[in-house]
1. Through the Karplus equation 6.51 cos²θ - 1.76 cosθ + 1.60, θ set to phi - 60°, convert the phi angles of the range 180-191 into ³J(HN,Hα) values in whole Hz; use x for Gly and Pro.
2. Can you give me the C-alpha center-to-center distance between the range 392-416 and the range 144-186, rounded to a whole angstrom?
3. Within the range 453-563, what whole-number % of the accessible surface is contributed by carbon and sulfur, with the 1.4 Å probe and all protein chains included in the calculation?
4. Could you please state how large a percent of the accessible area of the range 138-189 is carbon and sulfur, counting protein chains only and using a 1.4 Å probe?
5. What full-extension length gain, to one decimal in nm, is calculated for S540 and T506 as 0.36 nm per residue of separation minus the Cα-Cα distance?
6. Put a dot 7 Å past each Cα toward the Cβ at L395 and T531; how far apart are the dots in nm?
7. Using the scaling law 2.2 N^0.38 Å as the reference, what is the normalised Cα Rg of the range 453-563?
8. Please turn the phi angles of the range 374-380 into ³J(HN,Hα) values with the Karplus equation 6.51 cos²θ - 1.76 cosθ + 1.60 (θ = phi - 60°), one per residue in order, whole Hz, x for glycine and proline.
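The values are calculated or read from the model by the stated rules, or taken from the named source; none is laboratory data. Not measured: the values here are computed from a predicted model. Because the Cβ atoms are built from the backbone with ideal geometry, glycine has one as well, and the counts that use them run over all protein chains shown. When the accessible area is computed, the model is the full protein with side chains, heavy atoms only, and any ligands, DNA or RNA have been set aside. Shrake-Rupley method; radii C 1.70, N 1.55, O 1.52, S 1.80 Å.
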Amino acid sequence: MVLLHWCLLWLLLPLTSRTQKLPTRDEELFQMQIRDKTFFHDSSVIPDGAEISSYLFKDTPRRYFFMVEEDNTPLSVTVTPCDAPLEWKLSLQELPEEASADASGDPEPLDQQKQQMTDMAGTELFSYKGNDVEYFLSSSSPSGLYQLELLSTEKDTHFKVYATTTPESDQPYPELPYDPRVDVTSLGRTTVTLVWKPSPTASLLKQPIEYCVVINKEHNFKSLCGVEAKLGADDAFMMAPKPGLDFSLFDFAHFGFPTDNLGKDRSFLAKPSPKMGRHVYWKPKVDIQKICIGNKNIFTVSDLKPDTQYYFDVFMVNTNSNLSTAYVGTFAKTKEEAKQKTVELKDGRVTDVFVKRKRTKFLRFAPVSPHQKASFFIHSCLNAVQVQVRRDGKLLLSQNVEGIRQFQLRGKPKAKYLIRLKGNKKGASTLKILATTKPNKQAFPSLPQDTRIKAFDKLRTCSSITVAWLGTQERRKFCIYRKEVDGNYSEDQRRREQNRCLGPDTRKKSEKVLCKYFQGQNLQKAVTTETIKDLQPGKSYLLDVYVVGPGGHSVKYQSKVVKTRKVC
């Protein structure tokens, strides 16, 4: 047994001289070091009852050792590949003779013992090749030094190892239910509802369990370690340690190891030395989402894309040990978007169109007669909208439209036009659209660049308000309306009433002030004023001005809230 402790100590101590002898040690201090998990960070020793995280370079094997002190001891070793398949084997090492070659009674030098241990192949107990979470379990194992050798032939990768001599009492990994599958109970265009059976670890053993749901478009994951490797793939700097050298504090900060002194010198982390790693990895962002939902065993995933296949995984995490177990994942394809009917536009006729927020609507214009030009008048009444026009499949224009816009496109015989409207993120859009091949056809009145209503504060009285607005060089009919509002009338309320497609016909007759015709010969001086009378003292009023076009279609100016004087 003393020999086992000496061999383990050899693994933990750095090599300082080719003639270094095994030092004497204090047994109590040695046992205290064995129990301290941080003592194993820079070694190849697996602590009993704790999971370690480490790193493999491609085609570079790595060996770890685990000690069993007594015969007939249970042993469990679990290896979790993260983002690449692994080849690993577990073997029982034969220990070198304790006596030295010169019969002096002194132990052999460390480097000589190391050579002896490396040369001995040992007895292979178990081997595995793949990317599953696999384990070796024995109810009765002989005492000795066990060697775990791991190899990645695909790429540099992370992995986790857990070893224990008390597997029955430890139970570090949450237990799966008898049916470990994740089921899809509801499927929509943008939502998927998942359900799974709860873990007996939570219900029977009363251990704290948290479920985490992972969604991605590529494949199912077999371990939470693989998910975290994917989520961390877009880190700006991922310094990988050199093969054959001990990990540094910087490496542990990235590979999940806790460190006591890490972070005291932030400049060390901000500018790592190139000597610390052989590669700096730049990886693209990955489309993967991880959501931890507590102890619920049903979850609805939302904001998915229609007609898209997704992969769903559920992991249960023991919040005390932070170790996890994977359910059998599933996949599902969301339903297709409901096919929209294409709206047919009639030549010279105004069509009302409603586009939902961030949604798309298609319109079609197919002139019957030959034409040289096709004109499109678009009045975006509420919120801007993206407009695309294609002629026989060829894109002719793509613009965001707010207010009134006119587009003239060159025509072709028997040409067909497809108009695509897409709503913005702010809210739904309301439009009026006219498509025509008649060159002189005009649906909407022209507007000045500034459509604000100006109120004159000095002319404000207890019963009247004087306002002004800009006109155009064309003779047009203007109608002004008023509506009493609360004194705390907010900007949001005013914005909701800014739908410029709503004409005077939607207003009450009692709100009408007057209608008049106006035109200005000089655009710089095309200003008209009006005094609104018979108002109440200290009251707020919402004022609207409408300009009416040749076809009876009207456009509203920007609304204005004014308040009469309380005392005159």
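1. x, 7, 9, 10, 9, 9, 8, 9, x, 6, 10, 9
2. The distance from the Cα centre of the range 392-416 to that of the range 144-186 comes to 61 Å.
3. Working: 2760 of 6250 Å².
In the range 453-563, the share of accessible area belonging to carbon and sulfur is 44 percent.
4. Values: 1100 of 2390 Å².
In the range 138-189, the share of accessible area belonging to carbon and sulfur is 46 percent.
5. Values: separation 34, 0.36 × 34 = 12.24 nm, distance 2.10 nm.
Length gained, S540 through T506: 10.1 nm.
6. 5.7 nm
7. Numbers: Rg = 14.0 Å, N = 111, 2.2 N^0.38 = 13.2 Å.
Taking N as the residue count of the range 453-563, the ratio is 1.06.
8. 3J(HN,Hα) across the range 374-380, in whole Hz: 10, 10, 10, 9, 10, 10, 7.
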